[in-house]
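Reading through the structure tokens given below for one structure.
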Amino acid sequence: QVQLVESGGGLVQAGGSLRLSCAASGRTFNSYTMGWFRQAPGKEREFVAAISRNGGNTYYADSVKGRFTISRDNAKNMVYLQMNSLKPEDTAVYYCAATTRILLVTTMPSYNYWGQGTQVTVSS
């Protein structure tokens, strides 16, 4: 099993940047594909980005492509989401998730483990 704890959320003005971090427990972090999802008020949770086990492959939702970057440090059991050029519509609770699947999956049921989320608020 793996436990995930997100941090780094906060309030930022439109056009600004934030970096989210996700700390994972366990010795087998590099056996998990990692993902970020987000959920805005009144909306369903949606996929944001995913990264392969060795960090060599990434995949992004169209809404964040070119603005967000997912990365990981397997030596530190960490995954990150660098968010630039933030927009008010990026406001949401952001969740880190882990899956044992090899492919860069984008659906919630594909992920086995979830963090508690961190709030990101972008003001206009």
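A Förster distance of 30 Å, applied to the separation of the beta-carbon atoms of SER123 and ARG53, puts the FRET efficiency at 0.25. Entry comment: accessible area of the chain is 51 Å² per residue, from protein heavy atoms only and a probe of 1.4 Å.
Give the ranking of ARG53, ARG27 by solvent-accessible surface, highest area first, calculated with a 1.4 Å probe. Please report the intermediate quantities before stating the final value.
Details: ARG53 80, ARG27 235 Å².
Accessible-area ranking of ARG53, ARG27, largest first: ARG27, ARG53.
At a threshold of 8 angstrom on Cα-Cα distance, excluding pairs fewer than six apart, so keeping six or more, what relative contact order does segment 1-96 reach in percent?
Computed over segment 1-96, the figure is 34 percent.
Modelled label positions at ALA61 and SER7, each set 7 Å beyond Cα in the direction of Cβ, lie 2.5 nm from each other. The aspartates and glutamates whose alpha-carbon is closer than 18 Å to the alpha-carbon of LYS87, local same-chain residues fewer than 8 away aside, are GLU46, ASP62.
The values are calculated or read from the model by the stated rules, or taken from the named source; none is laboratory data. From a predicted model like this one, the values you see are computed outputs, not experimental measurements. Cβ: placed from backbone, ideal geometry, glycine included. Neighbour counts: every protein chain shown. Surface accessibility is based on the protein's heavy atoms, side chains included, excluding ligands, DNA and RNA. Shrake-Rupley method; radii C 1.70, N 1.55, O 1.52, S 1.80 Å.
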